[in-house]
Amino acid sequence: MTLPPGQHAVKGFPRFGTHLAKPAPAIPRDPVIEISGAVSKPMTIPLADLAKLPRRELDADFHCVAGWSATGLHWEGVALATFYREVIEPSIPAQTTVTHLRFGGWDDYWSLVTIADALAEDVLIAEHLDGHPLDSDHGAPARLVSPSQYGYISTKHLNRIEVLTAEPEDAYGSASTLSNLGLRLLGFNRHSRSRVWEEERQGALPNWLALPIYRLITPSIAFLSARSDSRGEEK
Ligand SMILES: Nc1nc2c(c(=O)[nH]1)N[C@H]1C(S)=C(S)[C@@H](COP(=O)(O)O)O[C@H]1N2
Ligand SMILES: [Mo]
């Protein structure tokens, strides 16, 4: 098994993130994905509509920028490129050049992705992991999964996609600083592509400096993020 440079395999699949000890966000009974930005008008797409699109399955490892990798995960959902072409693109006015998509979660987490990376063949809106509906640890009811990029791109509890025509100055848009200090700390000096095989961990910090810092803080993040209902140990 080959892992990207600087990564080590862990057992299972830990719950991890800037949410730290916060419980998973409450999800409405009929969840939706809001589409906004450079579309002719904002749209509210019931998550249930995903069932109308072709299913996509994907076997992939999952790499956190802090250095751990969960291996051999099996995802199922809809290819983001399919969702984009079928649902979003028809509402984008002609002459509009989309440069980025921004993915928001019910917990007000955000990730920013170039349009080329977002439409890559291995990017999914996933609803199932290893044959089960996503649990709250791993992003219920649906999450982005972009296995070729560091894990922080893969927004859990997905509820918003913003269509952007320029790289925004603030990658985290409407996320309030207070509720999302962790996100801002993590994203400080973020890399604009975050590709794992190129080891694009940080915008300016070199990896030899970034990795030891991540190693130092990872155990506390993992401890705080761990939840009693985690499926991590079952695998
Ligand atoms: N909504 C939301 N998505 C998120 C996060 C988060 O805190 N909230 N953390 C990110 C980070 S840093 C990682 S490594 C992965 C972890 O996914 P997991 O908890 O399923 O292992 O989710 C990413 N997506
Ligand atoms: Mo991460």
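Computed from the coordinates by the stated procedures, all read-outs in this text should not be read as laboratory data. Being a predicted model, the structure only gives us computed values, none of them experimental. All Cβ positions, even for glycine, are placed from backbone atoms using ideal geometry, and neighbour counts span all protein chains on display.
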For I213 and S36, extending 7 Å from Cα along the Cα-Cβ vector and measuring point to point gives, in nm, a value of 3.1
In nanometres, the difference between 0.36 nm per residue of separation and the alpha-carbon distance of E198 and S174 is 5.7 nm
Candidates S154, S194, S36; GNM for the chain (alpha-carbon contacts under 10 Å) flags as most fluctuating S36
At 20 °C and 1.002 mPa s, the Stokes-Einstein diffusion coefficient in µm²/s for the chain, with hydrodynamic radius from the Kirkwood sum on alpha carbon pairs, is 119
Nearest-0.05 FRET efficiency for D59 and K11 at R0 = 22 Å, using Cβ-Cβ distance, is 0.80
Under Stokes-Einstein, region 60-153 at 20 °C and 1.002 mPa s, with its Kirkwood radius over C-alpha pairs, diffuses with a coefficient in µm²/s of 152
Counting lysine pairs in the chain that sit 8 or more positions apart or on different chains, with Cα atoms under 29 Å apart, gives 9
Pseudo-spin-label distance T2 to S220, built 7 Å along Cα→Cβ, given in nm, is 3.7
Out of W208, P28, G72 - ranked by how far each Cα lies towards the positive end of the dipole of the chain, with unit charges on the beta-carbon of charged residues - the top one is W208
Placing each pseudo-label 7 Å from Cα in the direction of the beta carbon, L205 and A166 end up separated by a distance in nanometres of 2.9
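Note the per residue figure in Å³ for the convex hull of the C-alpha positions in region 130-182.
Numbers: hull volume 6.5 nm³, N = 53.
So the per-residue Cα hull volume is 124 Å³.
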Check: C-alpha center region 191-230 vs C-alpha center region 163-190, spacing in Å is 17
Karplus ³J(HN,Hα) for region 106-119 (6.51 cos²θ - 1.76 cosθ + 1.60, θ = phi - 60°; Hz, whole; x = Gly/Pro) runs 4, 8, 6, 7, 9, 9, 10, 9, 5, 4, 5, 5, 5, 8
The rounded separation in angstrom of the Cα centers of region 12-56 and region 72-139 is 9
Binned at 5 Å from zero, the C-alpha pair distances of region 136-235 give percents of 2, 10, 15, 23, 25, 15, 7, 2, 0
